[in-house]
Amino acid sequence: MSTKKVISGNYTASYASMLCRAEVVPAYPITPQTTIVEKIAEFVASGQMKAQYINVESEHSAMAACISAALTGVRTFTATSAHGLVLMHEMLHWAAGARTPVIMANINRALAPPWNVWADHTDSMSQRDTGWIQIYCSSNQEVLDTLILCYKVCEQPDIMLPAMVNLDAFILSHTSEVVDVPDQKEVDDFLPQFNPEIKLDVDEPLSFGTLAFPSSWYMEWRYKIQHAHDLAAKRLVEEAKAFEKHFGRPWGGLIEEYRSKDAEIILVTMSTIASTTKDVVDSLRDQGRDVGLVRIKSFRPFPTKDLREALGHAKVVGVADRSHTFGNEGPLFTEVKGALYNHDRRPPLVGFTVGIGGRDVLGSTIEGLYDHLEKVADGEAYKEVRWIDLIGDEEEVV
Amino acid sequence: MAGKKLPLPEEELMDPGHVGCLGCGGCHAMRYTLKATGPRTIISIPACCWAVMPGVYPNTCFNIPHINTAFEVTAASISGIRAALDARGIEDITVLGWAGDGGTADIGIQALSGMVERGTKAMYIMYDNEAYMNTGIQRSSSTPIGAWTTTTQVGKVRDYKRAPKKNMVEIMVAHGIPYTATANIAWPKDLIAKVKKAMAVDGPSFIHIFAPCPTGWRYPPDRTLEIARMATHAKIFPLYEVENGVYTVKKFKKEASISEYMMMQGRFRHLTQEEIGSISESVVRWYDKLLKFELMTQEE
Ligand SMILES: Cc1ncc(C[n+]2csc(CCOP(=O)(O)OP(=O)(O)O)c2C)c(N)n1
Ligand code: SF4
Ligand SMILES: [Mg+2]
């Protein structure tokens, strides 16, 4: 029997780690992640959760401890945000290279300077190439379900990849919603204990991560990580079906299509901006405007095939990025363009950099994007990348 | 000594075939340590000479489970291993972190400090070759005063290492660590006894092993043990242990000359007798202080 709880995105992540029976939790505080690890400390102290809680001295060490614990054969969980995540950078590469299914919640927050603790995807986008699966959530329920699903998929012997489950700072991390929290038995039935065949074991001693030369095996190891991502893309969808059957709730696929199948004008975005966009789509549809939304949930593995199918028919596609690759454009925009380039149907694409450092992305902001896209659809000249809602004149600033 | 067999454990957990240099002191250090720990040991090794020495994939010279980890995270890595074993109720395994002086006294000191402060049951060994050897003899904070390295070059405007060696054992004592000691590959029985003591500690332990490096110290490989022995006899590397704050210093009748020790190694050859004289004074000062610590703490 599940229970309905009104909890924040952060507490949802804490509950998920307990329900998934994470056995080792190295923890380090950072706003706005802190309440996740505080809640876990409370669970452990009360005896509800049987985990080894390590008060590490940094996020870098948190990830190092997760990796070594996972290689010893146990389930691990940690959570971080912004500076904590980028401090982990070296170890993020290590986690994927060592093929450890470490699962982590990351609260998407801006990087300093200037200090800013609000929603921004720069922290996780700059970890794109570390080999981690990256999922972006737009509701607290999705946080819980994604964490369970990630353990299920990542621990499979042919996957063995780490996964980062992303929540927007405050907008999700500190907002309470009704969450359907399954009971322990339900989760146990879906997610068996992690017992990898290959681990640090005194009865079968192996060396992990020894020197590999250019001529042999290093490149093959890297190829296998790509292969595991390809498998994970399929496995996430398959296991989501099993999840739905088990918990009675859909998780869906790597992308979510919202009134976009018959839309001429589609906005692609992620996370909580997508939730706002759904409302805007509904009201614009009521006005008879031909708009839809495609939400990318899985940024890694990147859903190239799904996007081609979902966007090929559009007259124009906009991509709203909550981060920016300096010297170029929004990273999501680059990736979506890349996905469509070799497709036979290639609509014009416009990139919007929005909501940086937690600047509000209001319904009116999104409506403005659709207004702009409609003009592009009508053949008006357009700028490929726009920064939205800058204070002052955009042209002056840019 | 010729022909006399040392009464050491027979078991070899490090097979022949490592790829360290001829005469590598770090190699002896590992071999003796594993003889002490036995096979129920998990070892974590960061970037250092020993990251390469076990061999090239898929080979390994170890007969114990072993992971490579990043340069600065040895102590965090063994914290994770210990936590994982605790999670599964496994108690009879020694968790060993094995790092160089750079990986310990420099880049890894934060993680080490964290682990010791938390009281994690794990053994941390720093094998000290007094520089970053894996990357080709660069200065570390454990490089002794006066030494040439490739980043403390001796040129027209002389610039050997001016700062004294960082004392890791004292830093561990300041953490209130239950057991810490120095050991030297020239005294394997003592080394093994110390590792065994460390294993028995219900908490963190730290051993600093003196491990001469012919390649980096610029001496012929067959003099490794001789140099190791001289370092202790000359009191440059005193052998002592600190158990719950109580110091015990190993005393030797035999003495060796600091100047002779230094002149055997290319890395010190540029020093004048005057400079060696002032280094000698600081060696004696520290040794006298150690004896006072011993007296003071044993009385308490
Ligand atoms: C973050 C990071 N910085 C630098 C290096 C390069 N590096 C590898 S080993 C090493 C020196 C190791 O010195 P030490 O710990 O004393 O071990 P030794 O090689 O002397 O045995 C350095 C600088 C690295 N691997 N990682
Ligand atoms: S450089 Fe020195 S420490 Fe490294 S393997 Fe060679 S002798 Fe040993
Ligand atoms: Mg060294």
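Quick note: the coordinates plus some simple rules give every number you see, no bench work behind them. Just so you know, these numbers come straight off a predicted model, no measurement behind them. Quick reminder, even Gly has a Cβ in these numbers, built from the backbone with ideal geometry, and neighbours come from all protein chains shown.
Averaged over A:72-85, how many beta carbons belonging to a partner chain fall within 10 Å of each residue's beta carbon? The partial results should precede the final answer.
Numbers: counts 14, 5, 8, 2, 4, 0, 0, 0, 0, 0, 0, 0, 0, 0.
Shielding by partners across A:72-85 averages 2.
Could you tell me how many cubic angstrom of Cα convex hull volume the stretch A:326-397 has per residue? Before the final figure, lay out each step's value.
Working: hull volume 8.4 nm³, N = 72.
Spread over its residues, the Cα hull of the stretch A:326-397 gives 117 Å³ apiece.
Give me a comma-separated list of calculated 3J(HN,Hα) values for the stretch A:378-386, in order, Karplus coefficients 6.51, -1.76, 1.60 applied at θ = phi - 60°, integers in Hz, x for any Gly or Pro.
Once θ is set to phi - 60°, the couplings for the stretch A:378-386 become 7, x, 5, 5, 9, 8, 5, 10, 10 Hz.
Can you tell me, using C-alpha contacts under 8 Å and at least 6 residues apart, the relative contact order of the stretch B:25-299 as a whole percent?
Numbers: 518 pairs, mean separation 46.1, N = 275.
Reported as a whole number, the value is 17 percent.
What average count of beta carbons from other chains do you get within 10 Å of the Cβ of residues in A:46-59?
4
Using the Cα centre as the reference, give the magnitude of the dipole from point charges on the C-beta atoms of the stretch A:3-247 (Lys, Arg: +1; Asp, Glu: -1; all else neutral), rounded to the nearest 20 debye.
So the magnitude is around 120 debye.
Taking only DSSP H segments of four or more residues, each worth -39500 (n - 2.57), what value at 222 nm results for the protein assembly as shown once the sum is divided by all its residues, to the nearest 500 deg cm²/dmol?
Values: 24 runs with 269 residues, N = 698.
That comes out to -11500 deg cm²/dmol.
At what distance in angstrom do the alpha carbon centres of the stretch A:333-374 and the stretch A:252-328 lie from each other?
Measuring centre to centre over Cα atoms gives 8 Å.
Which lysines, on any chain, are close to B:LYS197 with Cα under 17 Å apart, when same-chain ones fewer than 8 places away are left out?
B:LYS35, B:LYS121, B:LYS189, B:LYS250
Distance between the C-alpha centers of the stretch A:140-179 and the stretch A:43-70? Whole Å please.
18
I'd like the antiparallel share, as a percent to the nearest 5, of DSSP beta bridges with both residues in the protein assembly as shown.
Bridges in the protein assembly as shown that DSSP calls antiparallel: roughly 25 percent.
Name the lysines eligible as straight-distance cross-link partners of A:LYS337: C-alpha to C-alpha under 24 Å, and not fewer than 8 places from it in the same chain.
Cross-link targets: A:LYS234, A:LYS261, A:LYS278, A:LYS297, A:LYS305, A:LYS315, A:LYS375, A:LYS383.
When chain B is treated as a GNM, springs tying every alpha-carbon pair under 10 Å, which of B:GLN153, B:GLN273, B:GLN265 comes out with the largest mean-square fluctuation?
Residue with maximal mean-square fluctuation among B:GLN153, B:GLN273, B:GLN265: B:GLN273.
Please compute the average number of Cβ atoms from other chains found within 10 Å of each residue's Cβ in peptide B:33-40.
Numbers: counts 0, 0, 0, 0, 0, 1, 3, 2.
Other-chain Cβ atoms within 10 Å of each residue's Cβ, averaged: 1.
Throw me the Rg/Rh for the stretch A:44-120, computed over C-alpha atoms with Kirkwood Rh, two decimals.
Result: Rg/Rh = 1.02.
Taking the alpha-carbon set of the stretch B:25-299, what are its Rg and Dmax in Å?
18.2, 61
Using θ = phi - 60° and the Karplus curve 6.51 cos²θ - 1.76 cosθ + 1.60, what whole-Hz ³J(HN,Hα) does each residue of the stretch B:62-78 get, with Gly and Pro shown as x?
Karplus values, whole Hz, x for Gly and Pro: 8, 10, 10, x, 9, 10, 8, 9, 6, 3, 9, 10, 3, 5, 5, 4, 6.
Quick one: which of B:LYS5/B:LYS196; A:LYS5/A:LYS185; A:LYS199/B:LYS196 span more than 24 angstrom between C-alpha atoms?
A:LYS199/B:LYS196
Can you sort B:LEU239, A:LEU111 by how many other beta carbons sit within 10 Å, fewest first?
A:LEU111, B:LEU239
Pop out the ³J(HN,Hα) list for the stretch A:43-51 in order, Karplus 6.51 cos²θ - 1.76 cosθ + 1.60 with θ = phi - 60°, rounded to Hz; leave Gly and Pro as x.
In residue order, the calculated couplings are 4, 5, 4, 7, x, 5, 10, 9, 10 Hz.
One quarter of the convex hull surface, Cα atoms only: what value does that give for the protein assembly as shown in nm²?
For the protein assembly as shown, the mean projected area of the Cα convex hull comes to 35.9 nm².
Among A:314-327, A:45-58, A:23-36, A:218-231, how do they line up by average Cβ neighbours within 10 Å per residue, starting with the highest? Don't skip to the end; give the middle numbers.
Numbers: A:314-327: 21.3, A:45-58: 17.0, A:23-36: 23.9, A:218-231: 13.7.
Going from most to least packed, we get A:23-36, A:314-327, A:45-58, A:218-231.
What does DSSP give for the stretch A:255-387 in terms of the percent of beta bridges that are antiparallel, rounded to the nearest 5?
Details: 4 of 21 bridges.
Close to 20 percent.
Only bridges whose two residues both fall in the stretch B:25-299 count here: according to DSSP, what percent of them are antiparallel, nearest 5? Each step should come with its number before you reach the end.
Values: 10 of 35 bridges.
Beta bridges within the stretch B:25-299, antiparallel portion: roughly 30 percent.
Using the Cα gyration tensor of the stretch B:175-300, with a ≥ b ≥ c the square roots of its eigenvalues, what is the shape: rounded (a/c below 1.5), prolate (a/b larger than b/c) or oblate (neither)?
Oblate is the answer for the stretch B:175-300, as a/c is 1.5 or above yet b/c matches or exceeds a/b.
Once the dipole of the stretch A:255-387 is set up with Lys and Arg at +1 and Asp and Glu at -1 on Cβ about the Cα centre, which of A:LEU307, A:PRO347, A:ILE265 lies farthest towards its positive end?
A:LEU307
Under 17 Å Cα-Cα from A:LYS224, which aspartates and glutamates qualify once same-chain neighbours fewer than 8 residues away are excluded?
Those aspartates and glutamates meeting the cut-off are A:ASP129, A:GLU155, A:ASP158.
Enumerate the amide H contacts of B:LYS165 below 5 Å, restricted to partners 5 or more residues apart or on another chain; note that Pro and chain-start residues carry no placed amide H.
B:ILE145
Taking a temperature of 20 °C and a viscosity of 1.002 mPa s, what whole-number D in µm²/s does Stokes-Einstein yield for chain A with Rh from Kirkwood over alpha carbon pairs?
99
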